[in-house]
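Working notes for the structure below.
The values are calculated or read from the model by the stated rules, or taken from the named source; none is laboratory data. Quick caveat, the model's predicted, so the values are computed rather than measured. In this analysis, Cβ positions are derived from the backbone assuming ideal geometry, glycine residues included, and neighbour counts consider all displayed protein chains.
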Amino acid sequence: GATLRQLAQKAGIRIGTAVNSDALADEAPYTQKVATEFDSVTPENVMKWDTVEPARGTFVFTQADRLVDFAQAHGQLVRGHNLVWHSQLPSWVTDGDFSATELRDILHRHITAEVTHFKGRIWQWDVVNEAFNEDGTLRDDVWLQKLGPGYIADAFRWAHEADPKAALYINDYNIEGVNAKSTALYDLVARLRKEGVPVQGVGIQGHLDVQYPAPHDIADNMARFDKLGVQTAITEADVRITLPASATDVEAQDEAYQTLLEGCLLTRRCTDFTVWGFTDKYSWVPGVFTGEGQANIFDENYQPKSAYTALAQDLRLA
Ligand code: G3I
């Protein structure tokens with residue numbers, strides 16, 4: 001049958017996956033699936049700060065370059081992930097006792113160096129990742145504490161200066177439906193755009209769990225962003241299950257994947273649907289949620305699961 005990539009192309013969106021660089025280098029079936037099933041890729045880890053700038057002013061792009069080369073060789077676009085985040089920061093950033101001026105300079109240089117390095121080769125950048133708390137206030141991380149809320153607008157301006165053609169995204173989780181967090185993000189994006197800050201997209205991660213109801217108002221939520229004139233994307237879809245999985249769990253997982261994809265298909269400016277890894281063999285879930293797993297659309301032996309078929313069916317009908 002047709003691959004997801006072929007079906008997505010007909011449906012007018014990109015279908016992407018997060019890529020584990022070790023598996024891409026070492027495992028033929030992994031590499032083959034990335035190449036044939038997807039037309040967009042996101043580095044799962046290798047563009048993050050701790051990899052890219054492990055020591056102040058020392059930039060290491062080896063693994064990220066390899067992925068970008070792979071993508072170009074296979075006609076794929078790249079989502080750059082990410083520039084500003086509270087996590088996966090090297091200790092020289094978190095423990096360094098920098099003044100606000102110094103830290104602002106460090107952030108500016110980091111963004112400029114990374115975006116410039118990949119200039120012209122990144123389709124969408126997750127410029128700011130996970131900046132919000134669940135109640136809609138800004139996360140009290142090192143950036144907010146030392147630089148104040150203006151770090152967000154600064155980050156977008158600096159990224160835009162370095163690569164004016166890349167689409168710049170703000171990305172977060174638990175913003176699939178209409179809630180305090182997604183509304184705060186909406187208000188921020190509306191204000192930034194009014195002020196002329198170059199924010200072009202909103203990334204909805206889509207990390208779901210079958211034990212919570214799927215976000216059935218996702219299309220309504222995405223519609224309000226669409227009306228603002230911003231692009232949207234589902235950037236990190238996966239649906240975890242408490243193991244062992246029952247038949248009901250598997251059905252709920254298929255439906256949750258479809259709910260996310262349908263949100264994108266129903267939204268005019270939604271550009272892509274990306275899964276956060278495609279095989280249960282490599283997933284961040286079991287390491288973080290004890291007793292949970294099987295969150296992806298292929299099993300550990302690279303066989304497509306019913307979630308894969310459910311997505312394919314939605315793409316066929318689009
Ligand atoms: O690279 C080191 C390695 O040197 C060391 O030996 C090993 C020992 O634990 O750790 C390795 O680092 C791990 C890294 O993944 C690379 O494998 C980290 O411990 C581990 O915490 C890290 O997890 C990643 C996580 O982000 C970090 O927060 C996951 O792979 C990645 O899937 C996950 O992705 C995030 C998105 O970026 C943002 N949204 C949520 C999503 C899921 O948490």
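Here is the figure for the stretch 184-226: residues that are part of a helix (DSSP H, G or I) and either within 16 Å of the ligand (Cβ to nearest atom) or not small (G, A, S) (or both) total 16. Determine whether the stretch 34-50 contains at least one residue that is acidic (D, E), in contact with a helix residue (DSSP H, G or I) (Cβ under 7 Å, 6 or more places away or on another chain) and either over 29 Å from L138 (Cα atoms) or within 11 Å of the ligand (Cβ to nearest atom) (or both). Scanning the stretch 34-50, I find at least one residue that is acidic (D, E), in contact with a helix residue (DSSP H, G or I) (Cβ under 7 Å, 6 or more places away or on another chain) and either over 29 Å from L138 (Cα atoms) or within 11 Å of the ligand (Cβ to nearest atom) (or both), so the answer is yes. Inside the stretch 94-116, residues that are surrounded by fewer than 18 Cβ atoms within 10 Å (Cβ to Cβ), hydrophobic (A, V, I, L, M, F, W, C) and farther than 12 Å from G57 by Cβ make up a count of 2.
Only one entry in G1, G12, G16 is over 29 Å from G96 (Cβ atoms) and modelled with pLDDT under 95, namely G1.
Taking every residue in the stretch 158-176 that is within 16 Å of the ligand (Cβ to nearest atom) and pairing it with any residue that is part of a strand (DSSP E or B) and of a type in the set (F, W, Y), at least 6 positions away or on another chain, the pairs with Cβ-Cβ distances below 9 Å are Y169/W125; D172/F132; N174/F132; I175/F132. Where residues in the stretch 288-316 are within 13 Å of the ligand (Cβ to nearest atom) and surrounded by 22 or more Cβ atoms within 10 Å (Cβ to Cβ), which of them is nearest to D22 (Cα to Cα)? Step by step, filter the stretch 288-316, then rank; the result is N296. At positive phi and within 13 Å of the ligand (Cβ to nearest atom): is that true of E130 in this structure? Yes; evaluated as a whole, the condition is true for this residue.
Do we find a residue being in a helix (DSSP H, G or I) and under 16 Å from D141 (Cβ atoms) anywhere in the stretch 59-67? No. For the stretch 254-287, the candidate set comprises residues that are outside any strand (DSSP E or B) and among the charged types (D, E, K, R); within that set, the residue that is farthest from the ligand (Cβ to nearest atom) is R268. P54 meets the stated requirement of being modelled with pLDDT of 95 or more, surrounded by 13 or more Cβ atoms within 10 Å (Cβ to Cβ) and more than 29 Å from D280 (Cβ to Cβ). Look at (1) on the phi > 0 side of the Ramachandran plot; (2) free of Cβ contacts under 8 Å to residues at least 24 places away in the same chain and you find that L144 fails only one, number (1). Within the stretch 21-33, the set of residues being among the aliphatic types (A, V, I, L, M) and more than 16 Å from the ligand (Cβ to nearest atom) comprises A28 only. Scanning the stretch 59-93 for residues that are away from the ligand (no atom under 12 Å from the Cβ), exposed (fewer than 13 other Cβ atoms within 10 Å of the Cβ) and touching a residue at least 40 places away in the same chain (Cβ under 8 Å) yields a single hit, Q72. A Cβ distance below 7 Å, combined with a sequence gap of six or more or placement on separate chains, defines the contacts here; from the stretch 280-297, residues that are modelled with pLDDT of 95 or more reach residues that are β-branched (V, I, T) and within 11 Å of the ligand (Cβ to nearest atom) in the pairs E292/V285; G293/V285; A295/V285. Is it fair to say N179 is more than 16 Å from the ligand (Cβ to nearest atom), within 20 Å of the chain's Cα centre (by Cα) and over 26 Å from W123 (Cα atoms)? Spelling it out, N179 is indeed more than 16 Å from the ligand (Cβ to nearest atom), within 20 Å of the chain's Cα centre (by Cα) and over 26 Å from W123 (Cα atoms).
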